[in-house]
Amino acid sequence: MTPHEAAMTLEWVTGEFMLRWLERVPCVTIERFGAAWGACAPARPELDFHNTVHRLLPDDLEQVPRIAELYAAAGVRPWLELMPAPGFERLAAALREAGARQVDFLGVFERELPKTPSSYAPAIDILQPPPDIEEFSTVLLTGHGLSKDQLTSAMPLNTPMAAVEGARLYLATVDGRPAAAGALFVHDGIGHLANASTMPGYRGLGCQTALIERRLQDAAAVGCSRASVVATWDSQSHRNLARAGFRTAYTKAVWRFGE
């Protein structure tokens, strides 16, 4: 397997989790663009991850005008996550011509499995599965910055994650109180750390370290040889992952239409 083929495997696993989740979310339409696919939620244009194009490679650059037309008709400015690939300059040119531009980067990180088990704070307990999917969703969404007023409408968008084939959900408690949440997606021998957050009052206590450790151990136990995760570059998540032995696999360019 070449380095590019190894990177494509990670990219496809990431996209597969999002596809299986979003196709279960109310009012999200999934459109195919050759080998690529995109989610579109006109009722929620502010949610980038509900309006994102995945797996777009230079081989499908002829799909760019159709992508631009579909999202423009829906009144949405889509977010495109683009992995490095041979011939990327041709895809970039097609995107610029259609009115898109690069706005950010995301890091994709990986490590080999299994790993030597490590301990975490004794006050932290990891529940898998969570005893209550709504409690899990409340913790996850609150950790991502949603207010109590926003939780009512956001809850039905998050709970379908529990029905994703290959996904496992985790709730971390501190002294018995819900504190953090995360997800693991197992596919094609890769354990993908799919989502995680910690509620504001419990940050800095080691909850994410504990969630990372538990998910890596579970992925190794079911035969995964690699683990992957996507995170914002130089974020606290990035630093937590580096301490857990993750290294950079590649960076993704984030593009957006209409800006």
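The values are calculated or read from the model by the stated rules, or taken from the named source; none is laboratory data. None of these values were measured; they are calculated from a predicted model. Note that we place each Cβ from the backbone using ideal geometry, even for glycine, and neighbour counts take in every protein chain shown.
Things worth noting here:
- Ala221 fulfils the conditions (1) crowded, with 17+ Cβ neighbours inside 10 Å; (2) out of contact with any Gly (no Cβ under 9 Å at 6 or more places or on another chain); (3) of a type in the set (A, V, I, L, M, F, W, C) except for a single criterion, (1).
- Yes/no for Glu165 being charged (D, E, K, R) and touching a residue at least 60 places away in the same chain (Cβ under 8 Å): yes
- Ala194 within 25 Å of Val25 (Cα to Cα) and not in a helix (DSSP H, G or I): yes
- Selected residue (criterion: surrounded by the fewest Cβ atoms within 10 Å (Cβ to Cβ)) from residues of the range 166-180 that are within 23 Å of Arg226 (Cβ to Cβ) and among the aliphatic types (A, V, I, L, M): Ala167
- A count restricted to the range 28-38 and to residues that are in a strand (DSSP E or B), under 21 Å from Asp59 (Cβ atoms) and of a type outside the set (Asp, Glu) stands at 6.
- Pair list, Cβ under 6 Å, 6 or more apart: the range 218-242 residue without any contact (Cβ under 8 Å) to a residue 40 or more places away in the chain, other residue hydrophobic (A, V, I, L, M, F, W, C): Val222/Val186
- Subset of the range 71-114 [under 28 Å from Asn240 (Cβ atoms) and acidic (Asp, Glu)]: Glu81, Asp104, Glu110, Glu112
- Unique match (being modelled with pLDDT of 95 or more and not assigned by TED's automatic domain parsing to the domain that holds Glu213) among Val174, Val103: Val103
- All of Thr173, Thr209 fail the test of being of a type outside the set (Asp, Glu), part of a helix (DSSP H, G or I) and on the phi < 0 side of the Ramachandran plot, apart from Thr209.
- Candidates Leu146, Leu205, filtered to the one that is without any contact (Cβ under 8 Å) to a residue 60 or more places away in the chain and more than 15 Å from the chain's Cα centre (by Cα): Leu146
- The set of residues in the range 187-211 being crowded, with 23+ Cβ neighbours inside 10 Å and more than 17 Å from Pro130 (Cβ to Cβ) consists of Gly191, His192.
- Contacts under 6 angstrom Cβ, first residue in the range 46-61 being in the same structural domain as Pro86 (by TED's automatic domain parsing), partner assigned to a strand (DSSP E or B) and at pLDDT below 95, 6 or more apart: Asp48/Trp79; Thr52/Trp79
- Condition check for Glu134 on (1) under 30 Å from Leu61 (Cα atoms); (2) not assigned by TED's automatic domain parsing to the domain that holds Ile67: one failure, at (1).
- Residues that are more than 21 Å from Gly166 (Cβ to Cβ) and of a type in the set (D, E, K, R) within the range 33-67 comprise Arg44, Glu46, Asp48, Asp59, Asp60, Glu62, Arg66, listed in sequence order.
- Boolean, Val25 is farther than 17 Å from Ala162 by Cα, in contact (Cβ under 8 Å) with a residue 24 or more places away in the chain and either hydrophobic (A, V, I, L, M, F, W, C) or outside any strand (DSSP E or B) (or both): no
- Among (1) modelled with pLDDT of 95 or more; (2) aliphatic (A, V, I, L, M); (3) under 18 Å from the mean Cα position of the chain (by Cα), the one test that Ile67 misses: (3)
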